[in-house]
1. Once you charge only the Cβ atoms, +1 for Lys and Arg and -1 for Asp and Glu, what is the size of the charge dipole of segment 143-200 about its Cα centre, to the nearest 20 debye?
2. Roughly how many debye, to the nearest 20, is the charge dipole of segment 41-200 about its Cα centre, given +1 on each Lys and Arg Cβ, -1 on each Asp and Glu Cβ, and no other charges?
3. Using C-alpha positions alone, give me the convex hull volume of segment 84-162 per residue in cubic angstrom.
4. Under the 0.36 nm per residue contour assumption, what length would be gained going from the current alpha-carbon distance of V90 and D110 to full extension?
5. What is the distance, in nm, between label points placed 7 Å from the Cα along the Cα-to-Cβ direction at E51 and at K152?
6. Of the listed peptides 82-90, 135-143, 173-181, what is their order by residue-averaged count of other C-beta atoms within 10 Å, with the highest listed first?
7. Could you estimate the translational diffusion coefficient of segment 143-200 from the Stokes-Einstein equation, with Rh from the Kirkwood formula over C-alpha pairs, at 4 °C and 1.567 mPa s, in whole µm²/s?
8. By average Cβ neighbour count within 10 Å, what is the ranking of 160-171, 98-109, 53-64, 186-197 from highest down?
Amino acid sequence: MHTNLCEMSTKEKVQNPDKEPKLDAENQTSETAQNTDKESVEKQEELSTEEQLQARIAELEEELKAEKDQKLRLYADFENHRKRTAKERVELFGSANQELMSALLPIIDDFKRGLENLKDEESKEGVALISNKFENILKQKGLKPMESTIGKDFDVDTMEAITRIPAPSEDLKGKVVDEIEQGFHLGNKILRYARVVVGE
């Protein structure tokens with residue numbers, strides 16, 4: 001019986017010589033299709049992974065940009081605060097200095113009046129030394145006396161008219177006839193306007 005089966009198998013092979021290669025070709029086609037599908041899936045996975053990486057990179061770049069913007073704003077705010085604080089400090093010192101200088105101006109006026117009324121030369125010399133020393137110290141702190149205004153045209157930017165009187169002469173009309181109080185600058189600002197009498 002075994003011999004008959006072998007003979008039948010041999011006969012089938014003889015009768016269908018192309019059947020076995022056909023099966024091999026079908027198997028190869030199937031394998032090729034599977035490999036193609038597998039490669040396609042792998043490529044899709046690779047593309048998907050690459051897209052995810054690109055999206056993550058874009059997200060991190062946005063976060064970095066936002067952090068940089070925030071730090072720049074903070075730095076700008078800090079610089080503005082520092083400059084504002086420095087300016088306020090300077091203004092505070094200037095204001096305090098201005099108040100002190102304004103309070104000391106009447107003392108300078110008193111020294112001048114005292115010197116004009118002193119008759120004793122020795123006393124006058126001693127008071128003049130003290131007055132000059134006092135004025136020099138104030139000059140070192142930025143206080144500068146204005147030039148004498150007598151005989152000059154009245155200037156509203158630097159002078160304050162206390163009163164107006166008939167001009168003693170024609171050439172003194174509209175000009176300063178007398179200076180009641182001397183004017184002073186503190187730095188580039190006018191600390192006190194010169195108080196004058198104007199002829200008309």
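Taken together, the values in this text are just the output of simple stated rules run on the coordinates, not laboratory data. Being a predicted model, the structure only gives us computed values, none of them experimental. Cβ atoms come from the backbone with ideal geometry, glycine included; neighbour counts cover every protein chain shown.
1. Working: 8 positive and 11 negative charges, 49 e Å.
Charge dipole of segment 143-200: 240 debye, to the nearest 20.
2. Numbers: 26 positive and 35 negative charges, 176 e Å.
Approximately 840 debye in magnitude.
3. Numbers: hull volume 10.3 nm³, N = 79.
It is 130 Å³ per residue.
4. Using 0.36 nm per residue and subtracting the Cα-Cα distance, I get 4.1 nm.
5. 8.4
6. Values: 82-90: 10.0, 135-143: 14.1, 173-181: 16.4.
Per-residue mean Cβ counts within 10 Å order the peptides as 173-181, 135-143, 82-90.
7. Working: Rh = 11.3 Å.
In µm²/s, the coefficient rounds to 115.
8. Details: 160-171: 11.6, 98-109: 14.1, 53-64: 10.0, 186-197: 16.8.
Taking the mean over residues of other Cβ atoms within 10 Å, the ranking is 186-197, 98-109, 160-171, 53-64.
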